[in-house]
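To keep things clear, I will list the structure first and then write my remarks on it.
The values are calculated or read from the model by the stated rules, or taken from the named source; none is laboratory data. It should be emphasised that the depicted structure is a prediction, and the values quoted were computed from it without experimental measurement. Counting neighbours? That spans all protein chains shown, and the Cβs are built from the backbone with ideal geometry, glycine included. All accessible areas refer to the heavy atoms of the entire protein, side chains included, with ligands and DNA or RNA removed. Shrake-Rupley method; radii C 1.70, N 1.55, O 1.52, S 1.80 Å.
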Amino acid sequence: MITPKIIKMKSTKTTILEIIGQSGRLITALCLICTISFSSCKKFVTVANPPDVLTSDKIFVDDKTATAAMLSIYIDMMNDQFGSNGSFVCFSLTALGGMSANEMIWTQSNTSAPTYQEFTDHALTPPNSYVAAFWKDGYKYIYRTNAIINGLPTATGMTTATKNQLAGEAKFMRAFCYFYLVNLFGDVPLILNTNYQDNMLVPRTPSADVWKQIVADLKDAKTLLQEAYPTTERLRPNRWTASALLARCYLYNGQWADAESEADAIIASGAYGSALPALDKVFKKDSPETIWQLQPVRSNVNTLEGSTFLVTGTTQPNYQLTQQLLDAFEPNDNRKTKWIGFSNPAYPAWAFPSKYKAGAGAVTEYYIVFRLTEQYMIRSEARARQGGSKVQPGIDDLNTVRTRAGLLGSTATDQASLILALEKERQVEFFAEWGHRWLDLKRTNRAEAVLGPLSPNKTWKPGSELYPVPDIEINNNPKLVQNGAYL
Amino acid sequence: MPARKEKDSGRRLCSTKTLLIMKFTAILMVVFTFAASAHSYSQITISAKNKSLSAVFKSIKQQSGYDFVYAVELLEKAGKITVELHNVGLQNALEVCLKDKDLTYTIVGKTVVIKSSERIAIPVPEPVLPPTIDVQGRIVSESGEPVAGASIKIKGTNLGASADKNGLFQIKGISENAVLIVSGANIETIEIRANQSSLLKDGMLTIKTKLKVNSLDETVVIAYGTTTRRLATGSISKVKGEDIRKHPVDNPFLALSGKVPGMQIAQTSGVAGAPVSIFVRGKSSVGAGSEPLYVIDGVPFAHTVGNATFSNGISAQTLGGLTNATAGSSPFVNLNPSDIESIEVLKDADATAIYGSRGANGVILITTRKAKAGKTAVDLNFYTGWGRPTKLPQMMNTQQYTMMRREAFKNDSIAPNTTNATDLMIWDTTRNTDWKDILLGQTARNYDGQVRVSGGNQQTQVSLATGYHRETPVYYGNMHDDRINMHSSFAHRTLDNKFSIAFNASYSSDKNNLSTIDLMQLLTTIPNAPYPLDVNGNLVWSDKGVNFSNPLAYTKKQYIGLTDNMLSSLNMSYTVAKGLRVKLDGGFNVVRLDQTATNPISSQSPTSATLISSADFFKQTQKNWILEPQMDYTTKISKGQLQILVGGSFQEQLSTGEKVSASGYTNDALLLTPGPAATKSVTSSYSKYRYDAFFGRISYNWDTKYLINISGRRDGSSRFGPGKQFGNFGAIGAGWIFSNENFMQSFSALSYGKLRGSIGVTGNDRIGNYQYISQWLSTSSAVPYQGSSGLYPYNLDNPDFAWERNRKMEAGLELGFFKDRIDFTADYYLNRTDNQLVGLPLPSQVGFTSVNANRDAILQNSGWEFALNSTNIKTKNFSWRSSFNISIPRNKLIAYPNLENTAYATTWSIGQPVTIQKYIKYLGVDPVTGIYQLNGINPAKDKIVTRNLAPMYYGGFQNTLAYKGWTLDFSLYYIKQSGKANFLFQAPGTRANQPVAVLDRWQKPDDITNVQRFTTTGAAATQYSYWANYSDAVITNTSFIRLKNVSLAYQLDKKIAQKIKADNVRLFFQGENLLTFTPYKIGDPEIMSFSTMPPLRMMTVGLQVVF
């Protein structure tokens, strides 16, 4: 009755086999399709480089492109806002170094106020964002100089003259960055190439070795750079720029004779005039004493010093000069009237730096990095430190600077009094300028004696001369060790 | 046959069995349902020797669940039979049994009707009581649409019929007192008397039924297809559009918090359009993005762009744009909640592996509403609401403030003077301004209106919708966020059903002019500052020579953010042969962002040396297209249903943008375009992302008992360098519906039970484009340097990085009790991510702060998820349903070679969660000095207290109560967590206002308190910085339970509604963030910040009318 055909049903086994068989065929077919279209798939997901990007192999191919790599450092240092990434020591050292050296205070109440306050109090904390920016921006530009220094030797299609100029500029800028890092932080990792795997765990290099590298780079730069500026105006370093920093480095390291001869060479060259220009000409863009300056690149703004410090009207300055600084000026010092502004007669303490006079508007002032006056002061101090017959020429150098300020000759008569006179002269000549006072007090080991008593509630601690290594750096490189005052 | 099968599936339990269970659970059962598809592929085995047909049929009934209807004498006449059958289908069995008999059979629904073959036209003779009637009827849904395939049964008999596709049925010769039981897979069972005249209309008995919500058999959207919860092998959660619409929110994801187990949603700000941070099963990646993949109607939503990685929320800002009060805006504000049909969250490997390299962080499928066949429906919906922040800090008044300042100077032994204390020495110390009232004093409003028209017939359906949404903030001034949106869907299929085409398009345009900053940040403005406006209404900038940073300056600055979003998709499918279908899905999506932020001179202090008007303009266009050819094949093999899918995917995302920074306008009125500016600098961006893939999936469903699903994908991404572009991903998922096993049939309380599990590999390519090449970009200064631009290295390139791999394992148990009135799901998952694609943090000494690289680190996310849904009460007039879920995530670092030399050295340890943070131990306020005491100040060495900031558990609890026309919904969200309170405030005593809570400060030796002494500078101020940045004192319990939503709706009586010719009129009240219970007293526990707007407590009323 029952046909065998019906009884004989497909068993589970065959069903599974069938599934496998079916899917197997499908997979085979799929694989075949895949293989055929694989090359086109690969092509599909291979996209061209974006049009706004050059890859690293396209940089050192001609003079113009390679020069652009160098220019990016100057541009970014001038373009970035203070406090955000990139300005490095431009303005920020003037303001923050000025606060550390008790030259100025921040008067406004905003979220940055506590961060500024830490500088004034010599009570920096490792998360201080401004300290972090010094470290980060310094190394950002060091990477670029390393990329240029390492990229140039293999460059094709470039003229030797440009190669030398760029190599010199890059070495100078590397020294420039390390100079400030080593001064602000003490030992810092010495990084000379662009390989992150080599560099990510480098510990802090003893500062003596960093200084050695700085001097070596500057000597190289002096050979590579020409006396003439590579372009019109003094917007890119020449040989004398390297000399100017080298003279300063020798001074900082107590190599008095070297410092003297390096500064002397610059002054004697006559490239920067035979006499110092009048006070109101010093910070103009065509000032003859300028050795190197940077061009403002932000729209409608001159230097950050001009646009940030200047006060119009009668309000309290945001960055207010301290009474200690005002008191340091001798009577009749024209710098106090020409380079300082007072906003409100009712409050004589409301003083602000006004070396630069232009804030907004078209660019009429450049940002001066090195000027001849510093070389006079370096030569003076180098001579003073060598003592003996060099003291009198040292006093003469000092008087060159004092005369320009409308002052009589210094009362210093011997080595010791000259050295103290120079400390004071540098304070009033270089106030609100590149943190000179802060670095000077540190290098002469006078910081604790001068600044300690001024710090509120005695917050100065031994070791406060150095800024803390930013905590994010220690976090990201466990080989870094914090400075003593912050342990 | 497939059509037949489809019709039959869904109701397979025999009625006697149902009745038994009904008796068993009589108290609970108000409705009884036919469990769906339980025996779709029942196979019959009979071994009968000389048995009566009725005995054989009884055996078949037991095995198949089919009822038999016949006249007894007909079977007696047919005599006895002998059969031997093994595992044959029902029809086969019947054919064999009735062979050589003068009998024939018809299968009507789940009933087999046996008739004499000579008298086919004559219905089954009724042996029952006279008088008899004939009943003709129609089964319709509440909205009047026909319900196809319902089964009609005469109570107490085996007689019955089933409705055809138009809902029509006919039963002849039944007792006029007979009671009809109408049931079906998708309707709630009802009983009515056959002679109920009130239902008679033109001789037709019109039976209205309620569509049944059996969540097990609802369609669930998955990758490249659909399934049901019952048949799914993966972990999928679904949220219905109607549940989203109970929340008066602009971003649909805000409505999801607490609704989806394993999905953690946090609002980043209470301002309209703010980004929402979304994690599915935790953060699986150390360095790459942990955002899920969003797919809208099959088209991946292009929100990943450029070099942005998304660690915390997606926002316009991460696309490179300008910021407003919300630090960017979420692209999902352009997704109109009322256009959403459902959102499915795919979590495990089985569900996500087919998305290959992008599935690691979970996949969120958003399906928009489609047109339905039937009467043209017009749906009008309007609501408006009022809101205030959940919690704002209470700030000091002038008296308290000046007292604090004086005490601080005294503590510091500093004399206040006209330099350090202008607020005390120069300004009036008697005037008082409550900045909270001025800045944040308004009532937030929202308005929403939507119109939707849809209709069509079996072949063609069309719907069109448009709407408008507006929100205003609590801020001072006239600000708003407006959105218009349109949505259309069109679907057509040929008469033979072989070819179908569907097109969906939506367009939305959002305009946001909220301020450029969150005004919460300005709450620290001191209370004795001058009033911000002078008598002429101009901003005041200084008082007696002291600068005043006027908080109302922002009212002069404009922010305009325009976002246009066009989404479209086209789906075509053609059935080539039986079971074989080819499909082509295509999608195109454009997002345009156009932002303007101005900084006019009128918003700047006139004492500033650099008074320049400036404006920034940011424009970005993202175009995204996708083409996905697919082929699927469905067949029945033995008792199983086999589905095979193969397909390919080709996709491109192109993003171009430019930012113009313009300055030097001659007049503030010209600021809205860059043209009139004296100088402009332009930066541009360009980024192309291409992606292709082959994928396949095989799923097999054996007898609705054993389910297996295998999927695989090979895909290539342009984000990786040559040789690293392609990767293989795949998963296997399996399910066992054990409740369908015979041995489970005696456990009648358990109506559904499934065990499922999956294992597989997915990937993550969430890093920016072009990261493998070394890029040098042009500098962007407004003025070139001596006429030239510079070139700078933009990234550290690494040509060798590749996919991040995420291995996922999952086990799940799903149970349904009492005819699925209670349903319970438990999931355990264990995901391990290796080959970590890391934006490896580097010390800046290398020149950059990160590089993309793969690390050998293995990160494990595991966790439990439980969900319980229950119909607690169900009577004729009253019902109460609730659902509860809890997610318990855990996270662990399994391995990290060379950890001690990485950025994570001081924070992570092997075997610990990566969500831990380390802090310096807080020792309280020194009773002698009044200064915070910490156990050290060197973070690198002294951070030894470990705190885990990840949630310990979170979840939600929803309830729906319905009484006649009233429906009340309320949902709670809860989370157990610790958080870092984000302090905006400086050390109390400095020149900034403080919350009154700091008045609890130390004042004199031996004071025991947790607030240190007031100070303006020096050691105490420094210590405050360590305390706020590094100590565990700022870690507090920020757990909370929030009454997230209450929705009360009243549906007008049909009769009243019909007076205005409406089908449905509904009035509703909705409240959002109504109550919060938390130990965190300072601010809102979800935001944990004083500088960010907390969520708003919103109350809305609305009206919906459907014609």
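Determine the gain in length on full extension of the stretch B:Asn667-B:Asp102; use 0.36 nm per residue of separation and subtract their C-alpha separation, reporting nm with one decimal. All intermediate terms of the calculation are to be shown ahead of the outcome.
Working: separation 565, 0.36 × 565 = 203.40 nm, distance 10.07 nm.
Stretched out fully, the B:Asn667 to B:Asp102 stretch lengthens by 193.3 nm.
Given R₀ = 22 Å, what would the calculated FRET efficiency be for B:Ala55 paired with B:Lys77, taking r from the Cβ atoms and rounding to 0.05?
Details: r = 15 Å, r/R0 = 0.70.
That gives a FRET efficiency of 0.90.
Could you report segment A:376-427's accessible area per residue, 1.4 Å probe, as an integer in Å²?
Using a 1.4 Å probe on heavy atoms only, each residue of segment A:376-427 averages 40 Å².
Whole Å is fine, so just give me how far the alpha carbon centre of segment A:355-387 lies from that of segment A:439-456.
Segment A:355-387 and segment A:439-456 have Cα centres spaced 22 Å from each other.
Using only the Cα atoms of segment A:205-295, build the gyration tensor, take square roots of its eigenvalues as a ≥ b ≥ c, and label the shape rounded, prolate or oblate: rounded if a/c is under 1.5, else prolate if a/b is larger than b/c, else oblate.
On the way: a/c = 2.00, a/b = 1.60, b/c = 1.25.
Prolate is the answer for segment A:205-295, as a/c is 1.5 or above and a/b outweighs b/c.
What percentage of all Cα-Cα pairs in chain B are separated by more than 40 Å?
On the way: 327244 of 612171 pairs.
When all Cα pairs of chain B are counted, 53 percent exceed 40 Å.
If contacts are Cα pairs under 8 angstrom and at least 6 residues apart, what is the relative contact order of segment A:250-350 in percent? Provide the component values of the computation, followed by the final result.
Values: 56 pairs, mean separation 19.7, N = 101.
Relative contact order of segment A:250-350: 19 percent.
Using a 1.4 Å probe on protein heavy atoms only, how many Å² of accessible area do A and B hide from each other, summed over both chains and rounded to 100?
Interface area, both chains combined: 9300 Å², rounded to the nearest 100.
Normalised by the number of residues in chain A, what is the relative contact order in percent for Cα pairs under 8 Å and 6+ residues apart?
On the way: 734 pairs, mean separation 87.2, N = 487.
Worked out over chain A, it gives 18 percent.
Mind giving me the FRET efficiency for A:Lys458 and B:Leu1048? R0 is 45 Å, r the Cβ-Cβ distance, nearest 0.05 is fine.
0.10
Go through segment B:807-823 residue by residue and turn each phi into a ³J(HN,Hα) via Karplus (6.51, -1.76, 1.60, θ = phi - 60°); whole Hz please, and just put x for glycine and proline.
Whole-Hz 3J(HN,Hα) from phi for segment B:807-823: 8, 10, 10, 8, 10, x, 10, 10, 10, x, 10, 6, 6, 6, 5, 10, 10.
Pulled fully out, how much extra length does the chain show between B:His492 and B:Asp594, if you take 0.36 nm times their separation in residues and subtract their Cα-Cα distance?
Working: separation 102, 0.36 × 102 = 36.72 nm, distance 3.65 nm.
Residue separation times 0.36 nm, minus the Cα-Cα distance, leaves 33.1 nm.
Which three extents, in angstrom, do the Cα atoms of segment A:378-487 have along their principal axes, listed largest first?
So the three principal-axis extents are 52, 30, 23 Å.
Once fully extended, how much extra length lies between B:Asn935 and B:Glu176, figured as 0.36 nm per residue of separation less the alpha-carbon to alpha-carbon distance? Could you put the intermediate results ahead of the total?
Values: separation 759, 0.36 × 759 = 273.24 nm, distance 8.99 nm.
Extra length available between B:Asn935 and B:Glu176 comes to 264.2 nm.
Give me the mean projected area, in nm² to one decimal, of the convex hull enclosing the Cα positions of segment A:156-195.
Working: hull surface 14.1 nm².
Quarter of the Cα hull surface area: 3.5 nm².
Starting from the 7 Å offset along Cα-to-Cβ, what nm value, one decimal, do you get for the label separation of B:Lys165 and A:Ala216?
8.8 nm
Determine the shape class of segment A:88-221: with a ≥ b ≥ c the square roots of the Cα gyration tensor eigenvalues, call it rounded for a/c under 1.5, and otherwise prolate if a/b is greater than b/c, oblate otherwise. Working shown, then result.
Working: a/c = 2.43, a/b = 2.08, b/c = 1.16.
Prolate is the answer for segment A:88-221, as a/c is 1.5 or above and a/b outweighs b/c.
Around B:Val69, which amide H atoms from residues at least 5 apart in sequence, or from another chain, sit under 5 Å from its own amide H, with H modelled in the peptide plane?
For B:Val69, the qualifying residues are B:Val112, B:Val113, B:Ile114.
In Å and whole numbers, how far do the C-alpha atoms of segment B:768-872 stretch along each principal axis, longest first?
83, 33, 21
Compare each residue of segment B:692-724 in its chain alone against the assembly with all protein chains, and report those whose accessible area goes down by 20 Å² or more; 1.4 Å probe, heavy atoms.
Residues meeting the cut-off: B:Asp692, B:Phe694, B:Ile698, B:Tyr700, B:Trp702, B:Arg714, B:Ser718.
What average count of beta carbons from other chains do you get within 10 Å of the Cβ of residues in B:535-547? It would help to have the intermediate numbers written out before the result.
Details: counts 0, 0, 0, 0, 0, 0, 2, 4, 1, 6, 9, 7, 9.
Mean number of neighbouring Cβ atoms from other chains: 3.
How high is the relative contact order of chain B, in percent, with contacts defined as C-alpha pairs under 8 Å that are six or more residues apart?
On the way: 2994 pairs, mean separation 111.9, N = 1107.
It comes to 10 percent, rounded to a whole number.
Give me the distance in nm between label points sitting 7 Å out from Cα along the Cα-to-Cβ direction at B:Phe503 and A:Ala228, one decimal.
Distance between the two pseudo-spin positions: 7.0 nm.
Any idea what log10 I(q)/I(0) is at q = 0.05, 0.07 Å⁻¹ for the protein assembly as shown, Debye with uniform C-alpha scatterers and no solvent?
-0.52, -0.90
List the residues of segment B:1002-1035 for which accessible area in the full set of protein chains is at least 30 Å² lower than for the chain on its own; 1.4 Å probe, protein heavy atoms only.
Going by heavy-atom accessible area, the residues of segment B:1002-1035 that drop by at least 30 Å² are B:Thr1017, B:Gly1018, B:Thr1022, B:Ser1025, B:Tyr1026, B:Tyr1030.
Tell me the Kirkwood radius of chain A: reciprocal of the mean inverse pair distance over distinct alpha-carbon atoms, in Å. Please list the in-between numbers first.
Details: mean 1/r = 0.0394 Å⁻¹.
Result for chain A, one decimal place: 25.3 Å.
If amide H atoms are built 1.01 Å from N in the plane of the peptide, which residues on other chains or at least 5 residues away come under 5 Å of the amide H of B:Gly282?
Amide H neighbours of B:Gly282, under 5 Å, 5+ apart: B:Gln264.
Counting only residues 5 or more places away or on other chains, whose amide H sits under 5 Å from the amide H of B:Ala895 once H atoms are built in the peptide plane?
B:Ile858
Please work out whether segment A:256-371 counts as rounded, prolate or oblate from its C-alpha gyration tensor, where a ≥ b ≥ c are the square roots of the eigenvalues and a/c under 1.5 means rounded, while otherwise a/b larger than b/c means prolate and anything else oblate? Mind dumping the intermediate values first?
Values: a/c = 2.51, a/b = 1.43, b/c = 1.75.
Here segment A:256-371 falls in the oblate category.
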